[in-house]
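Everything on this sheet refers to the single structure shown next.
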Amino acid sequence: MTGTTPAARVTELSTGWLRDHMHEALAIYGAAMGYASSVVAGRYGYAIQHSERAGFRAVGAFVPTREGEVLVGFGYGYLITPGQWWHDQVRAALDRRTAKRWLPGAFEVCELHVHPDSQSRGLGRQLLHALLAGLPYPTALLSTPDADTKAFRLYHADGFVDLARNHHFPGDSRPFAILGARLPLPSPAPRADRP
Ligand SMILES: CC(C)(COP(=O)(O)OP(=O)(O)OC[C@H]1O[C@@H](n2cnc3c(N)ncnc32)[C@H](O)[C@@H]1OP(=O)(O)O)[C@@H](O)C(=O)NCCC(=O)NCCS
């Protein structure tokens, strides 16, 4: 892996900016996840709805081009509450004690994606930490495909622990892991210190 791209800029995004650039962000989501354009198009309405939720926060990574800056990565999340689909799925997937310890007041990392051309340069980690920095919530939760992916490695390396493995969400044949971290996240160790 190379070092962090020096010219890249990671910053908090206003909700309005992300809503105005949601198609751009979702193109990154599609490229990063390898999803068909129909899947990406179907995500737009959900993403706009997510941006209206309590506690919504978004971050973006930009790199300079001749024409100006371009978005190459983004992440967003919000407070989860009973009645939301993901909250209720996760509550059902966890035993009562674990759910009680992790769900109340939790922030869901709903999306975190870096365009494949800009991956493995430290931007994903910067986005994750920027998204969760200074949040007044006890925990952050997320679900991610249960496989040895860059995402899984990043989350495990940076403070997330397994709450459930091999979980199947309705309508998706892939197994997922449900992960949680206590906030604040520990600061990431310098890259050179990691094996
Ligand atoms: C997951 C993702 C956001 C990470 O962003 P990134 O910029 O590629 O990651 P970083 O360069 O910040 O690296 C963070 C960690 O990810 C893992 N990682 C990154 N690139 C990797 C590679 N080529 N091989 C193995 N692990 C890798 C490592 O654990 C790395 O930590 P390290 O540098 O200490 O080894 C990005 O790879 C991505 O968008 N993936 C596809 C979409 C996705 O899965 N999103 C998450 C959905 S839940």
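What follows is calculated from the coordinates using simple rules that are stated; it is not laboratory data. As the structure is a computational prediction, the values presented were derived from the model and not from experiment. Here the Cβ positions follow ideal geometry from the backbone for every residue, glycine too, while neighbour counts run over all protein chains shown.
Does residue 155 fit the bill of being aromatic (Phe, Trp, Tyr), within 11 Å of the ligand (Cβ to nearest atom) and within 22 Å of residue 47 (Cβ to Cβ)? Let's see the steps before the verdict.
Working: aromatic (Phe, Trp, Tyr): yes; within 11 Å of the ligand (Cβ to nearest atom): yes; within 22 Å of residue 47 (Cβ to Cβ): yes.
In short, yes.
Taking residues in segment 25-44 that are touching a residue at least 12 places away in the same chain (Cβ under 8 Å), and partners anywhere that are more than 10 Å from the ligand (Cβ to nearest atom) and of a type in the set (D, E, K, R), the pairs with Cβ atoms closer than 6 Å and at least 6 places apart or on different chains are 26/43.
All but one of (1) more than 8 Å from the ligand (Cβ to nearest atom); (2) closer than 20 Å to residue 25 by Cβ hold for residue 123; state the number of the condition that does not hold. With respect to (1) more than 8 Å from the ligand (Cβ to nearest atom); (2) closer than 20 Å to residue 25 by Cβ, residue 123 is out only on (1).
From the list 7, 27, 32, 54, which residue is part of a loop (DSSP other than H, G, I, E, B) and within 24 Å of residue 122 (Cβ to Cβ)? The unique qualifying residue is 7. Scanning segment 114-127 for residues that are surrounded by 21 or more Cβ atoms within 10 Å (Cβ to Cβ) and outside any helix (DSSP H, G or I) gives 114, 121. Among the residues of segment 74-93, are any touching a residue at least 60 places away in the same chain (Cβ under 8 Å), over 19 Å from residue 145 (Cα atoms), within 16 Å of the ligand (Cβ to nearest atom) and surrounded by 13 or more Cβ atoms within 10 Å (Cβ to Cβ)? Within segment 74-93, one or more residues are touching a residue at least 60 places away in the same chain (Cβ under 8 Å), over 19 Å from residue 145 (Cα atoms), within 16 Å of the ligand (Cβ to nearest atom) and surrounded by 13 or more Cβ atoms within 10 Å (Cβ to Cβ). Restricting attention to segment 102-113, the residues that are of a type in the set (A, V, I, L, M, F, W, C), within 18 Å of residue 54 (Cβ to Cβ) and assigned to a strand (DSSP E or B) total 3.
Being within 25 Å of residue 73 (Cβ to Cβ), more than 9 Å from the ligand (Cβ to nearest atom) and assigned to a strand (DSSP E or B) narrows it down to one of 147, 140, 164, 130, so name that one.
Values: 147 fails: assigned to a strand (DSSP E or B); 164 fails: within 25 Å of residue 73 (Cβ to Cβ); 130 fails: assigned to a strand (DSSP E or B).
Being within 25 Å of residue 73 (Cβ to Cβ), more than 9 Å from the ligand (Cβ to nearest atom) and assigned to a strand (DSSP E or B) holds for just one of 147, 140, 164, 130, which is 140.
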